[in-house]
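Read-outs: derived from the displayed coordinates by stated rules, not from any lab. None of these values were measured; they are calculated from a predicted model. Don't worry about glycine lacking a Cβ; one is built from the backbone with ideal geometry, like all the others, and counts go over all protein chains shown.
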Amino acid sequence: MPSFDKEKCRAMFSDPSWDFETIQAADELTTWIGKEYFKLDIYTNQIEIVTSEQMLDAYALIGLPTSYPHWKFGKDFVMNQNSYRKGQMGLSYEMVINSDPCISYNMENNSTCMMVLVIAHACQGHNAFFKNNYMFKDWTSADSIIDYMVFARDFVMKCEDEFGHEEVERVLDACHALMEHGIDKYKKPPKLSSQKENERLKRLAKAKHESYNELLKTLPPASRVKKTKFDKNSKYPLEPEENLLYFIEKNAPTLPGWKRELVRIVRKVSQYYYPQTMTKVMNEGFATFMHYHIIHKMFELEYLNDGFMLEFIKSHTGVIYQPPFDNPYFSGINPYTLGFNIFMDIKRICENPTEEDRYWFPNLIGRNWLDEVIYAMENFRDDSFIAQYLSPKVIRDMKLFAVYDDEDSEFYEISAIHNERGYRKVREFLSNQYDRSYRVPDIQVDSVDIHKTSKLTLMHKIQHEKLLDEHDANDTLQYIRYLWEFPVELHSRNRAGIDEDFMSAK
Amino acid sequence: MSNIVDRRKNAKGKSINNRQKFLKRVEDQIKKAIPDIINQESIKDSTGEGKVKVPIRGIKEPNFRHDPHSGKKQIVRPGNKQFNEGDKVAKPEGSGSGAGQGKGSNSPEVTEDDFVVILSRDEFLKYFFEDLELPNMIKKYMASTVDFRQQRAGFTKNSIPSRLNIVNSFQQSLARQISIRGVYDQKIKKLKLELEATEDAEAKAQLEEEITRLERLRLTVPFFDDVDLRYNHFERVPQPVTSAVMFCIMDVSASMGYHEKDIAKRFFTLLYLFLSKQYERVELVFIRHHTEAKEVGEEEFFNSRESGGTVVAPSLRLMKKIATERYSESQWNIYCCQASDGDVWSNGDAIDCGQLLKNEILPTVQYMAYIEIKNRGLEGYLWHAYKKLRSQENFSMRNINDISQIWPVFRALFKKKDLVES
């Protein structure tokens, strides 16, 4: 039980201007409530108060406290700054980083109510999600990301000194084009740490140094090792590889070591963001669910007064507002709304199930809602979460419907609505919409002509007849050509195994 | 335990470095936009801390992505009002581009076709005057107005308390304390040995007394003594100031309309900006003339309107007079820019001007530019008279009749000798 005087808290939290005591109180109270009432297991919080300018900086570095230098971040900064100055864009109230300790940036011009809200939202909700969701557990190491970014920054700067800005920039540009294709989906990467990375580099250099032999240099550079491994007819690689950056890093025939290292850095960063892109709905939904419950608990325990609650409810409804598809403000499905609604519905089904729920979710009936919510938070990602938990009630409440868009047809066809026949379809389609392949084309390394030309062949597997944007694909191919340093081909193959499209960079 | 940090006082501008990289990336576009910017009015307030906006077309970051118009897709949307399963809705006319943007809203792509980079004045000038140089730029140092800069120069024993260097003083103090105490310590050590050796009671008492005396003395070594104190020392380093004076001479007779004056003003502004890039101090002298010449303030120079005929020579005489009186040739870099519509009262006046320029003005000035603002038709007397001086290295003349020509003419006047005009 915290030692806070309820009366003092009420006064403090209803004073529109906050001080550090307010923030400390909000942090301690929410942490205590999160732990006692909602079983939240979190990283230690590091709450940082920042100005709008610093928030813009944080935006540009996609939330990390530091990153390697690159013009792309400068461009994002300039764009954000422009739209912020023109008033087209508001800055978010907080930004939270998947790190241990969990760093969250809070804007200095938040009102007291907003401060309490974002502390409950980010420092409890997101924080617990980062620590416990399986995607984050498997794919990121929160304790070492900042350390690694420091290593990456120093390494890139060292390369700039040694090899020139232009060359470093070209490598990074090329890698950025492949960021979406630099992700391991099935293997768990080892932990990152700048010290270990530096040691690894040193070992590499040392091994090279020791095994260097002037005599060997005069031998023809035949790939002796490869020959023993693969006979002439065998294909390399034996299995297709979907992590293009990884493949280039490990297999580009003549790429110098420092470039390989840059490829690796971008790949690691891309991997770090992978869970976040896969759990947007869940992450925001859970954080919103948590701030909603924590603030209500604080009110119930008389730490907050009515005025505070009015402001809170106004902000909360703003956050979960979902404009309908034909509204000018519509810009896709609001992940806060969808996630919050599903989590709230899990709670409702556990507590007050209807006949329909008994049929759809027999496993949830009569269970402890908190355990079920935590279980869902820990073990799913957006597509599986929706496939598992999107209930008919949420579909009805949000009036979800599915449209079939065939490029050859002159019509859109409504393929499912919120009725008995449509629930399963809507759920399936919406789940697919959050599947990675919906957004990112499936492109894999098919083969390398290791004996003659070193030509790299990539295979795009066409899904749902979606073709690549030709112009962008061509530019990207040029980037791959630059990294690979030998000709590159890209085949687009449909399900029947017929190549529909072909492009190359010689 | 949570950690609450106030970052607001931290240095902002983490992105400055990346912003510079980005600017470098769009350098070509910025340079291309410069003539347009001059044609717009934005340069007029160039003396202030103004900022300049340069529109940039998006620079692409390509990646493999789906063509949003291709394929067969199931799309889920919220807020159904009237649709039922199986309904068909016609695609909007010219299907594709119109519908496309809303469609792809799942991807966080931002449209960035046109966005604006805001350059600070310094950044802008850098691009603005790149590849240009001032002809005959000789740095004349002002003898009278020498500036001084403070420079750190080691330590000194005498100075004011606010410059006390504590670390250094403490080092001195430590050394002194150790060395002085060392003397006492040695003596005491010796006496103690003697004490152990003697048997005689009287001698013992004497030795003990001596030891206590020395030990008391040992404690009197002061922590800080005057000799320990060290102060940061600064030296005054003379900073020569390079300065220039720019004479702006403009014809304000009836024939100079708003349009002509506007062109002249823009040209003068450019020249001033350019000079202030090169010299630390630039003074301006405004001279206007119709039948007589007069030195005026900036406001009056550009804004008031007069009528009457044109006699040019008095303005040049006035300039010469001011230069001799106030800006001695040995200390000032003198620049002169004359703008006129080329009308003169008589051929005699024009010839006068030519003579003045040749004999009195050109030998003393660094550079003089003459711009004639009119549609090149018949050569006026003045143009004709000045033409003879074209071979002089520090004299240039150009004709301008439209705002859009200002920048090319300016570049032509000041381009680096080894660069061919693009």
For this session: May I ask you to list the aspartates and glutamates whose Cα is less than 12 Å away from that of A:Lys185, ignoring any residue fewer than eight positions away on the same chain?
Result: A:Asp138, A:Glu241, A:Glu242
For this session: Pop the C-beta distance of B:Lys72 and B:Glu298 into the FRET formula with R0 = 60 Å and round what comes out to the nearest 0.05.
Result: 0.30
For this session: Rounded to the nearest 0.05, what FRET efficiency do B:Ser391 and B:Glu329 give with R0 = 30 Å and r taken as the Cβ-Cβ distance? Could you check?
Result: 0.85
Problem set entry | Beta bridges by DSSP in the protein assembly as shown, antiparallel share as percent, to the nearest 5 | 55
For this session: Please list, or write none, the aspartates and glutamates whose alpha carbon is within less than 12 Å of the alpha carbon of B:Lys374, excluding same-chain residues fewer than 8 places away.
Result: B:Glu260, B:Asp341, B:Asp343, B:Asp402
Exercise. Hey, fewest Cβ within 10 Å first, where do A:Phe286, A:Phe308 land in order?
Worked result: A:Phe308, A:Phe286
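Can you give the FRET efficiency for B:Gln20 and A:Ser52, using 1/(1 + (r/R0)^6), R0 = 30 Å, r = Cβ-Cβ distance, to the nearest 0.05?
It comes out at approximately 0.90.
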For this session: Can you check how the C-alpha radius of gyration of segment B:161-233 compares to 2.2 N^0.38 Å, as a plain ratio?
Result: 1.58
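Per-residue mean of other chain beta-carbon atoms within 10 angstrom of the beta-carbon, peptide A:474-486? Intermediate results must be reported in sequence, preceding the final value.
Numbers: counts 1, 5, 5, 2, 1, 2, 1, 0, 0, 0, 0, 0, 0.
Neighbouring Cβ atoms belonging to other protein chains average 1 per residue here.
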Exercise. Over what distance in Å are the Cα centres of segment A:369-392 and segment A:1-57 separated?
Worked result: 28
Seminar exercise, completed: Placing each pseudo-label 7 Å from Cα in the direction of the beta carbon, B:Gln171 and A:Glu485 end up separated by a distance in nanometres of 5.1
Seminar exercise, completed: Of all C-alpha pairs within segment A:439-505, those more than 13 angstrom apart amount in percent to 62
For this session: Measure off 7 Å from each Cα along the Cα-to-Cβ vector at A:Ile365 and A:Asn82, then give the distance between these two points in nanometres to one decimal.
Result: 5.8
For this session: Sort B:Leu214, B:Leu382 so the one with the fewest other Cβ atoms within 10 Å of its own Cβ comes first.
Result: B:Leu214, B:Leu382
For this session: Restricting to segment B:243-414, compute how many DSSP beta bridges are antiparallel as a %, nearest 5.
Result: 10
Problem set entry | segment B:188-290: C-alpha gyration tensor shape, a/c 1.5 cut-off, then a/b vs b/c | prolate
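Please give the average number of partner chain Cβ atoms lying within 10 Å of the Cβ of each residue in A:35-45, rounded to a whole number.
Numbers: counts 0, 0, 0, 0, 0, 0, 0, 1, 0, 3, 4.
Neighbouring Cβ atoms belonging to other protein chains average 1 per residue here.
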Exercise. Which value at 222 nm does chain A reach when only helices count, each DSSP H run of 4 or more adding -39,500 (n - 2.57), with the total divided by all residues and rounded to the nearest 500 deg cm²/dmol?
Worked result: -16500 deg cm²/dmol
Exercise. In nm, to one decimal, how far is the modelled label at A:Phe163 from the one at A:Ser437, with both set 7 Å along Cα→Cβ?
Worked result: 3.5
Exercise. Per residue, how much space in cubic angstrom lies within the convex hull of the C-alpha atoms of segment A:320-437?
Worked result: 115
For this session: Kindly put A:His316, A:His464 in sequence by how many other C-beta atoms sit within 10 Å of each C-beta, fewest to most.
Result: A:His464, A:His316
Seminar exercise, completed: Links exceeding 21 Å between C-alpha atoms in this model, out of A:Lys466/B:Lys81; A:Lys131/A:Lys393; A:Lys268/A:Lys461; B:Lys294/B:Lys321; A:Lys137/A:Lys280; B:Lys21/B:Lys126, come to A:Lys466/B:Lys81; A:Lys131/A:Lys393; A:Lys268/A:Lys461
Exercise. Listed highest first by mean packing, meaning other Cβ atoms within 10 Å per residue, what order do A:474-480, B:281-287, B:320-326 come in?
Worked result: A:474-480, B:281-287, B:320-326
Exercise. Give me the Kirkwood hydrodynamic radius of the protein assembly as shown in Å, from all C-alpha pairs, to one decimal place?
Worked result: 35.3
Exercise. What does the average come to when, for each residue of peptide A:405-416, you count the partner chain Cβ atoms lying within 10 Å of its Cβ?
Worked result: 6
